[in-house]
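A quick write-up on the structure given underneath.
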Amino acid sequence: MKLKFLSTLLAVLFLAGCVGDQSRLHVGAKVPSLRTKTLGDVGGDLAKITTYRYPDERMYQMSLDQALTSGKIVVLEFATPAHCTVCDNQLSMLKALLDKYQDKAIFLHMDQYQNAVAFRTYQVLGDPWTFVIDAGNFVRFKRPGRMLYQELDAVIQGVLDAPPLTAQADAS
């Protein structure tokens, strides 16, 4: 009986991380830059950079620090499909948006097993988590949990249409 209770409690705590806003990186905050693994770092072996069954190589071409200096917006997805079915669906949806915005935005996927430092740096607990970062490297949107195509499409278009935030906006 005690073991069943502990198992249930652990499951509830894990799922709570998937839906609650556990990240302390708020909208309007300047994002931390860090070197993350790229496909080149792992010799082109996608299995060494993601647990997603159907990865799109375009999400692993750049490190986060490189993407942040590109002058484009960054759609940063924290998802670990090896233990998260919702993450699998989220990444499938993201690939469709990547096709639409590939010339205007950089899409990056961070897998907890392969880029754990990114999860710690962005203070992400649970997954999936979606961040949209403007060309000035400020968080313009973040949300835990799965999103619909139309929701994220509207967010991306809104960030593309808006001027980037400035350091002064972050201080207010």
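The values are calculated or read from the model by the stated rules, or taken from the named source; none is laboratory data. Remember, predicted model here, so these are calculated numbers, not experimental data. Because the Cβ atoms are built from the backbone with ideal geometry, glycine has one as well, and the counts that use them run over all protein chains shown.
Taken as a whole, the condition of being polar (S, T, N, Q), touching a strand residue (DSSP E or B) at 6+ places or on another chain (Cβ under 7 Å), more than 27 Å from PRO163 (Cα to Cα) and crowded, with 20+ Cβ neighbours inside 10 Å applies to THR50.
Among residues of the stretch 53-66 being not charged (D, E, K, R) and not in a loop (DSSP other than H, G, I, E, B), the one that is surrounded by the most Cβ atoms within 10 Å (Cβ to Cβ) is TYR60. Checked against (1) crowded, with 18+ Cβ neighbours inside 10 Å; (2) within 16 Å of LEU91 (Cα to Cα), ARG140 passes all but condition (2). Take the stretch 71-117 and flag every residue that is surrounded by fewer than 16 Cβ atoms within 10 Å (Cβ to Cβ) and either touching a strand residue (DSSP E or B) at 6+ places or on another chain (Cβ under 6 Å) or aromatic (Phe, Trp, Tyr) (or both). Listed by number, the list holds a single entry, TYR113. Are there any pairs, at least 6 apart or on different chains, whose C-beta atoms fall under 7 Å, with the first in the stretch 64-76 and among the polar types (S, T, N, Q) and the second crowded, with 22+ Cβ neighbours inside 10 Å and at pLDDT 95 or above, and if so, which? So the pair list comes out as SER70/ILE106. If you filter the stretch 84-123 down to residues that are under 22 Å from GLN150 (Cβ atoms) and of a type in the set (S, T, N, Q), you find that the one that is nearest to the chain's Cα centre (by Cα) is GLN90. All conditions in (1) surrounded by fewer than 18 Cβ atoms within 10 Å (Cβ to Cβ); (2) under 9 Å from the mean Cα position of the chain (by Cα) hold for VAL132, with the sole exception of (1).
Residues are listed down the side, and each one gets a yes or a no for (1) of a type in the set (D, E, K, R); (2) over 17 Å from the mean Cα position of the chain (by Cα); (3) modelled with pLDDT under 95; (4) on the phi < 0 side of the Ramachandran plot:
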site: PHE5; (1), (2), (3), (4): no, yes, yes, yes
site: ARG24; (1), (2), (3), (4): yes, no, yes, yes
site: GLY40; (1), (2), (3), (4): no, yes, no, yes
site: ASP45; (1), (2), (3), (4): yes, yes, no, yes
site: GLN61; (1), (2), (3), (4): no, no, no, yes
site: VAL75; (1), (2), (3), (4): no, no, no, yes
